[in-house]
1. Enumerate by residue number the chymotrypsin sites (Phe, Trp or Tyr not before Pro) in segment 162-260 meeting two conditions: DSSP loop (anything except H, G, I, E, B), and at most 14 other Cβ atoms within 10 Å of the site's Cβ.
2. With charges set only on the Cβ (+1 for Lys and Arg, -1 for Asp and Glu), what does the dipole of the chain come to about its Cα centre, in debye to the nearest 20?
3. State to the nearest 20 debye the size of the charge dipole of segment 3-86 about its Cα centre, where the only charges are +1 on K and R beta carbons and -1 on D and E beta carbons.
4. Modelling each spin label as a point 7 Å along the Cα-to-Cβ direction, I'd like the Lys193/Gln37 distance in nm, to one decimal.
5. Give, to the nearest whole percent, the P(r) tail of segment 3-86 beyond 15 angstrom, counting all Cα pairs.
6. Considering only DSSP beta bridges whose two residues both sit in segment 3-86, what percent are antiparallel, to the nearest 5?
7. Which entry is the computed Rg/Rh (Cα atoms, Kirkwood Rh) for this structure: (1) 1.06; (2) 1.02; (3) 1.30?
8. Angle between the Cα long axis of helix 72-81 and the longest principal axis of the chain, 0 to 90 degrees, nearest 10?
Amino acid sequence: MNKQQIAVLHEEGYIKQKEDGYFSVRIVTKAGTLTAQQMICLSEIADKYGRGQIGFTTRQSVEIPWIKEEYISEVKEKIKSAGLITGGTGKKVEPIAACKGTVCSYGLIDTLDLSNRLHERFFARELPGKFKIGIAGCPNNCVTAPIHDLGFMAQKLPRVEEDLCKGCTMCKRNCKANAIEMVEKRAKIDYEKCVQCGQCIKVCPFKAMQTEKEGLAVFIGGKFGRRYRIGDRLETLISIDEAVEITERVIAFYDKNGLPGERLADVVDRLGIDRVKAAVTVKSYL
């Protein structure tokens with residue numbers, strides 16, 4: 001197999017291992033979600049064509065190593081029959097990574113729904129370089145949204161309705177950021193410490209903790225690896241629907257201004273975050 005054939009397979013998600021004659025096949029998921037039948041199919045592939053091993057990538061894709069070159073065609077058919085696709089490599093929008101906010105007790109949004117919407121619209125779109133999107137369902141930030149090319153993190157800002165507060169301290173006891181104090185038997189929020197997780201709203205038995213605003217924080221130009229960069233945060237929260245729109249704008253800006261092989265983080269450093277913000281900001285939420 002020549003270098004061009006290997007490169008074509010790599011684009012399809014069949015990645016040459018350092019061991020001669022072997023490939024790892026990368027199967028794309030939507031936020032790490034598979035059906036039970038799909039998992040059975042992948043298990044059978046690993047047993048029959050590999051060495052019975054299955055791993056998971058940082059992009060929540062499935063990877064089956066030790067596939068011999070001569071079995072690749074058969075593996076392709078098996079994966080297709082399960083309604084799955086391979087790929088997630090190259091200078092494209094990579095599989096969207098999302099936490100389990102849909103079912104997690106801390107989750108503030110349906111992360112799987114947003115991930116699916118972004119996946120259907122943007123996955124595998126060709127760009128100057130790889131492009132990673134991360135969705136965190138709360139400020140616990142399990143998916144490390146700020147170090148993605150484009151990251152979203154759900155937040156909920158609380159306010160105190162003093163007339164309803166009974167001084168029970170439930171909010172204070174549940175605040176992991178230590179952002180709540182009791183002043184004259186009433187809850188008082190230190191917004192410098194508050195991470196906007198919304199837990200105080202959830203646990204208050206008297207509905208004294210109300211939602212002032214909620215939505216998604218947006219981080220642009222993050223990157224991890226040997227030269228990492230924390231993404232710049234937009235000044236305000238946006239809605240779920242606006243997340244789709246701003247993704248379109250950020251990708252369009254990157255596609256137009258990025259040099260071949262350049263990551264969005266490098267574009268931000270080269271052109272300045274103010275120029276990027278001016279180009280991608282959605283007027284409706286300013």
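1. Filter output for segment 162-260: Tyr191, Phe206, Tyr228.
2. Numbers: 45 positive and 37 negative charges, 105 e Å.
The dipole of the chain has a size of about 500 debye.
3. On the way: 12 positive and 11 negative charges, 47 e Å.
Charge dipole, segment 3-86, about its Cα centre: 220 debye, nearest 20.
4. It is 5.3 nm.
5. Values: 1832 of 3486 pairs.
Above the 15 Å cut-off, segment 3-86 has 53 percent of its Cα pairs.
6. Details: 13 of 13 bridges.
Around 100 percent of the beta bridges assigned by DSSP in segment 3-86 are antiparallel ones.
7. (1)
8. That works out to roughly 50 degrees.
Where a number appears in this text, it was derived from the coordinates with a stated rule and is not lab data. Everything numeric in this text was worked out from a predicted model, so none of it was measured. All Cβ positions, even for glycine, are placed from backbone atoms using ideal geometry, and neighbour counts span all protein chains on display.
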